[in-house]
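Coordinate-derived values only; no laboratory data. All values derive from a computational prediction rather than experimental measurement. With ideal geometry, Cβ positions are generated from the backbone for all residues, glycine too; neighbour counts draw on all protein chains shown.
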Amino acid sequence: MIETLVRQDIESLRFAQPYVPKKYLNLSQNEPIRKIIGDKYSAKYIGPHYYELKNKLAEFFGLKQENFTITNGANHGIDVCCRCFLGPGDCSALYDPTYGPYYMIPRINGKDVVRFQLDENFEPDWQQFKDSNAKMVFIANPGNPTGNLLSLKKIEEGLETGKVVVVDEAYAEFTDVTAIDLIGNYENLVVLRTFSKVWALPGARVGYIVANEKTSDYLELSHIPYHMANPSLKLAYDVIDHKEDMERLVKETVNIREDLRIGLQALGLYVYPSYTNFLLVKFPEQINANTIFQKLCENDICVNNVSGQAGIENCLRISVGLQEENAMFLAVLKKLLETHI
Ligand code: PMP
């Protein structure tokens, strides 16, 4: 079924891969003959398939290495999906309010984007996607900037459209819900993951796509060869051994997030439920979130101004910081609110 969803010329991207000998002489890659600096740095290419990291992820999830595609962060995963599924004239879809690159990255690829609106519970009406000419939809679960969590049942309803559903799980480790559980049942499901959030490696730019083996085979054809940097691969490979530390970081973040929620509520603000490391905050009508955002900037405090987006008008999105950073933020916000009311 996935053959009918990938771009039509996908098979023409199956270029012959170089044979890379494991032990004996490899004089095929025009690699340098030795290092110039340090033992930490390899003078060899890794790739193009990154089997080591894939195997480690496969072990972590109880899947096969064939279920994985390694990307430069989840953003690159979005790009790989566009290249894999969108041929000439094809377009993708999103449900606002959502993560900006679901619009930006298809557009960079020269594709149109159909925009629908999430309902008042931040849930998609999949019928709109089904009835549209869009071939693929991007949905973040948990949502960004909404912070909410869709059930797997809701995700399955999207998959029943028979079109491609890309579930961006950048924050999934903050929940116990993952669409990865569904990849065996749906070839049209693509799950994006990242080492940027709970694995605390945003600068390494490593992510991965999890999908059915058949789908992964096509995704693997859809990125440039040798796109991953060796030091980043190594960092990702090593951090997977620290699952308990990762889980501790998640718990710590959630505790601090809930303290921040209490602090914001004490200022009379509405704080949406969150399954992430940020909070979406709604300001009362008499207070203009945009003005608050500007005033925070003047105080050298940066939050995300989402106040202009339909469905989350007059809201700001606050990332969870350290306790002391949140305390500083709350103190400044309190002063601003006092002078505004
Ligand atoms: N998806 C979502 C929903 C995000 O919030 C983010 C980062 N803010 C990303 C993807 C990008 O992640 P990465 O750093 O892995 O590109």
How do 220, 313, 3 line up, fewest other C-beta atoms within 10 Å first?
3, 313, 220
Could you give the length gained by full extension between residue 324 and residue 91, i.e. 0.36 nm per residue of separation minus their alpha carbon distance, to one decimal place?
79.4 nm
If you keep only loop residues by DSSP, which GluC sites (Glu not before Pro) in the range 90-197 have at most 11 other Cβ atoms within 10 Å of their Cβ?
120
Starting from the Cα of residue 35, draw a straight line to each of the lysines and keep only those under 17 Å, dropping any in the same chain fewer than 8 residues away.
44
Under the 0.36 nm per residue contour assumption, what length would be gained going from the current alpha-carbon distance of residue 237 and residue 160 to full extension?
24.2 nm
So between residue 40 and residue 127, what do we pick up on full extension, going 0.36 nm a residue minus the alpha carbon distance?
26.1 nm
Inter-label distance for residue 64 and residue 259, nm, one decimal - labels placed 7 Å from Cα along Cα-to-Cβ
4.7
Once you've got the GNM for the chain with C-alpha springs shorter than 10 Å, pick whichever of 143, 89, 110 has the biggest mean-square fluctuation.
89
Two-site FRET efficiency, residue 55 against residue 117, from Cβ-Cβ distance with R₀ of 51 Å, rounded to 0.05:
0.75
Which order do 228, 328, 1 fall in if you start with the one that has the fewest other Cβ atoms within 10 Å?
1, 328, 228
Among 248, 34, 7, rank each residue by its count of other Cβ atoms within 10 Å, from fewest to most, as a rough exposure measure.
34, 248, 7
Roughly how compact is the range 2-242, stated as its Cα Rg over 2.2 N^0.38 Å to two decimals?
1.04
Can you spot the lysines whose alpha carbon is less than 26 Å from residue 197's alpha carbon? Ignore those fewer than 8 places along the same chain.
40, 54, 56, 64, 153, 154, 234, 243, 251, 282
